[in-house]
Amino acid sequence: MLCIGGIPLFFMELALGQFHRKGAITCWGRIVPLLKGIGYAVALIAFYVDFYYNVIIAWSLRYFFASFTTVLPWTNCDNSWNTPNCVPVLNSTNQSVYWKSDSSDNLTADALLVNNGNSSAWEYFIRNILELHKSDGIDNLGEIKWDMALSLLAVYLICYFSLWKGISTSGKVVWFTALFPYFVLLILLIRGITLPGSADGIAYYLYPNFTVLTKAEVWVDAASQVFFSLGPGFGVLLAFASYNKFHNNVYKDAIITSCINCATSFLAGFVIFSVLGYMSYRSGKPIEEVATEGPGLVFIVYPEAIATMPGSTIWSLLFFMMLLTLGLDSSFGGSEAIITALSDEYPILKKHREVFVGVLFTFYYLIGMTSCTQGGFYFFHLLDRYAAGYSILVAVLCETLAVSWIYGIERFREDVKEMIGFKPGLGWLICWKFAAPIFLLVIIINGLIDYHPLTYDGYVYPAWANVMGWLVACSSVMMIPGVAIFKIIVTPGTLRERIKFLTTPWRDIRPACELVLIKKNGHSLQGKVLEDGEAECPQGKELSREHVVVLTYKDLNCDMEKVDV
C-alpha cells in the first residue's frame with residue numbers, strides 16, 4: 001500500500017500544490033474544473049477529522065498535567081472513581097487485567113474483568129477521564145466533563161495562536177513539535193530495550209501474521225493509516241507545497257520525507273512492542289493478549305507500563321509531552337489545509353485571517369464539546385469510524401483518475417519537468433495511472449462488501465447513528481458529483497461544449513498576459529506574473545505568493561493599465 005499508493009500519491013500532491021500554487025479547492029478547479037469538488041471533498045474530510053482528532057490531544061494534555069505528582073494517579077485504587085474490583089498497577093503482577101486486541105477495540109468492563117479485577121490504569125481512563133460508565137450509549141451522552149472541556153479549549157488556543165498569522169508563525173512552532181518527538185522516541189527506545197521481556201515483544205513485532213491479510217478491514221485500515229501518516233487526501237500537502245518556490249526540488253522532498261516518515265513509524269514500533277514484551281513478561285500472558293489498538297494502547301497499556309518503571313513521573317511527562325507535540329503537529333497540518341483551501345478560493349477570508357481562524361476554531365470547539373461529555377467516547381468512536389475511512393479512499397481515487405486520465409499523465413510529467421528539470425520515470429507513471437487506482441478501487445469494494453454496523457464492546461449503535469455516520473462519510477464524497485453538476489448547469493453552451501470546457505485545464509484557457517500589484521516591504525509595485533502566486537517586480541526579482549496582494553487578469557492584448565487595490 002505504501003509503495004503503490006502512499007508514496008506516489010504523496011509525490012503527486014506535493015507536485016500539484018507546488019506547480020499550481022493554491023490550496024485544495026482552487027488547485028483542483030485549475031487542474032480539472034469539472035472535478036473541483038475533489039478540493040471541497042478533501043477539505044471537508046479534514047474538517048470532520050478535526051472534530052474528534054483534537055479530543056485525543058486533549059486527553060494527552062489531561063494526562064500530562066496529571067503526571068505532575070510523585071505517585072501517578074492511575075497506579076492505585078484509593079480514588080473516588082475506583083471500584084471494589086480495582087487492582088493497583090504496582091501490585092498487579094500476574095493479577096492485573098490486560099487487553100485482547102479485536103476489531104471493536106474493546107475497553108469496557110465486561111471485556112476486562114479478568115484475573116480478579118480491573119487494572120487501576122483502565123479504571124482511570126474509563127471511569128475518570130471518560131466517565132463512560134455514566135452513559136449507556138450515544139443516545140444518552142450525559143453531562144459535560146468540564147475538566148476535558150477546559151483541556152480541549154487549551155488545545156484550540158494553542159492551535160489558534162500557532163496558525164492565526166499563517167506559515168510565518170506555524171513554521172516556527174513546527175520546528176519544536178516535529179523534532180521533539182524524535183528526542184523522546186530515542187529515550188523511550190533505549191529504556192524499552194533494557195526492560196526484561198522486551199526481546200520477545202520486538203520479535204513479535206518483526207514476525208508478520210499473514211493470516212490477517214485475507215480480511216478487507218485490515219487493508220482499509222492500512223490504507224487509511226498510510227494516508228493519515230503521509231497526508232494525501234486531506235489537502236495538507238497541496239496547502240504546504242503551494243508555499244514552495246516554483247523550482248524547488250519537490251521530487252527530492254517527496255522521497256526524503258516519505259523515507260523519514262516510514263523510518264519513524266518503524267522506530268515507533270520498536271518503542272511500543274519492547275514495552276508490550278515487558279508487560280507480557282510481568283503478566284505471564286502472551287503478547288497478543290497484552291496488545292490492543294486505538295486509545296487503549298496509548299492511554300491504558302503504556303501508562304501502566306510506565307508506572308512500573310523507576311522514575312515513572314519523568315517517563316510519564318516525557319511520553320505525554322511527545323503525544324502532545326505529535327498531535328499538535330498533525331492538527332496544524334489539517335487545519336492549515338482547510339484555512340489555505342478556503343482562503344485561496346475566497347480571498348476575503350485571507351484578508352481577515354485572524355478572524356476567520358478564530359471563527360473556525362470556535363466552531364470546532366463547540367462540536368468537540370460533544371466528545372467531552374460522559375458518553376462522548378461513543379460520538380468519538382462514530383466519527384473515527386466514518387469521517388475519514390472510505391471517504392478518503394474515494395477522494396484519493398478520484399484524484400488519481402483526474403490527473404492520470406483527464407488532466408493527462410504526460411502533461412503532469414511535463415509540469416514536474418518544468419519545475420525540477422526532468423520527468424518522473426516509468427515506475428511513477430504506472431503507479432499513478434494503473435496500480436494505485438486499481439488497488440484503491442479493490443480496497444473500497446472489498447471494504448463495502450465486508451461492512452458491518454458499528455458496535456463497541458457489545459454495545460450496538462442504533463440505526464440512526466449508523467445512518468448519521470454514512471451521511472458524514474457520503475457528504476464529503478458527494479461534493480465531487482455535486483460540484484460537477486453545478487458547473488455543468490452554470491456553464492454556457494451545449495452539453496458537449498460544457499464538458500469540453502470543464503475538462504480543459506485552467507492554464508489552457510486563462511489570458512496570456514497578467515498584471516499583479518505587489519506589496520513588498522510596505523511599497524506597492526506593478527509587475528508581471530511568472531507562475532500562479534509568484535510574481536516579478538520591475539527590477540526582475542521573484543517574490544513568493546505571500547507578497548501578492550491583488551491579482552488581476554487582463555485581455556490578450558496585454559494593455560498596461562493601472563491596477564487598483
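The values are calculated or read from the model by the stated rules, or taken from the named source; none is laboratory data. Predicted, not measured: the structure shown is a model, and the values here were computed from it. Please note: Cβ atoms are built from the backbone with ideal geometry, for glycine as well, and neighbour counts cover all protein chains shown. Please note that ligands, DNA and RNA were not included when accessible areas were found on the heavy atoms of the full protein model with its side chains. Shrake-Rupley method; radii C 1.70, N 1.55, O 1.52, S 1.80 Å.
Structure notes:
- Of all accessible heavy-atom area on the range 369-503, the percent that carbon and sulfur account for (1.4 Å): 72
- Of the residues Trp164, Trp122, the one with the largest accessible area comes first in the ranking Trp164, Trp122, computed with a 1.4 Å probe on protein heavy atoms.
- For the range 121-204: accessible area per residue (Å², 1.4 Å): 48
- Rounded if a/c under 1.5, otherwise prolate or oblate - the range 258-386, Cα gyration tensor axes: prolate
- In Å², nearest 10: area of His247 left accessible to a 1.4 Å probe: 120
- Remark: accessible surface ordering of Met479, Met12 (largest first) is Met479, Met12, probe radius 1.4 Å.
- Residue-wise HN-Hα coupling along the range 432-449, computed from phi with Karplus coefficients 6.51, -1.76, 1.60 (Hz; x: Gly, Pro): 5, 8, 10, 4, 4, x, 5, 5, 4, 5, 5, 4, 4, 5, 5, x, 5, 5
- Ligands, DNA and RNA left out, the accessible area of the range 160-294 computed with a 1.4 Å probe is 70% carbon and sulfur.
- The range 394-474 - accessible surface per residue (Å², probe 1.4 Å): 46
- Less than 5 angstrom separates the built amide H of Cys86 from those of Asn118, all sequence-distant by 5 or more or on a different chain.
- For the range 246-377, the per residue solvent-accessible surface stands at 36 Å², with DNA, RNA and ligands left out and a 1.4 Å probe.
- Under the combined filter of DSSP loop state and at most 16 neighbouring Cβ atoms within 10 Å, the range 402-464 retains these chymotrypsin sites (Phe, Trp or Tyr not before Pro): Phe422, Tyr451.
- In this structure, the pairs whose alpha-carbon distance is over 23 Å, taken from Lys134/Lys285; Lys22/Lys351; Lys36/Lys500; Lys172/Lys417; Lys22/Lys487, are Lys134/Lys285; Lys172/Lys417.
- Per-residue 3J(HN,Hα) values for the range 337-346, derived from phi via the Karplus relation 6.51 cos²θ - 1.76 cosθ + 1.60 with θ = phi - 60°, read 4, 5, 4, 5, 4, 6, 5, 5, 7, 10 Hz in sequence order (x marks Gly and Pro).
- HN-Hα J in Hz across the range 456-462 - Karplus 6.51, -1.76, 1.60, θ = phi - 60°, x for Gly and Pro: 8, 6, x, 7, 9, 4, x
- Global geometry of the range 321-452, whether rounded, prolate or oblate, following the gyration tensor of its Cα atoms and the 1.5 cut on a/c: oblate
- Principal axes of the range 429-482: Cα extent on each, largest first, Å: 46, 28, 14
- Which of Tyr182, Tyr53 is most accessible, then next, and so on - probe 1.4 Å: Tyr182, Tyr53
- Taken about its Cα centre, the range 343-416 carries a charge dipole of roughly 220 debye when the Cβ of each Lys and Arg holds +1 and the Cβ of each Asp and Glu holds -1.
- Lys500 - accessible surface, heavy atoms, 1.4 Å probe, Å² rounded to 10: 150
- Computed on the Cα atoms alone, the convex hull of the range 153-194 gives a volume of 59 cubic angstrom per residue.
- Ligands, DNA and RNA excluded, the heavy atoms of Thr83 present near 30 Å² of accessible surface to a 1.4 Å solvent probe.
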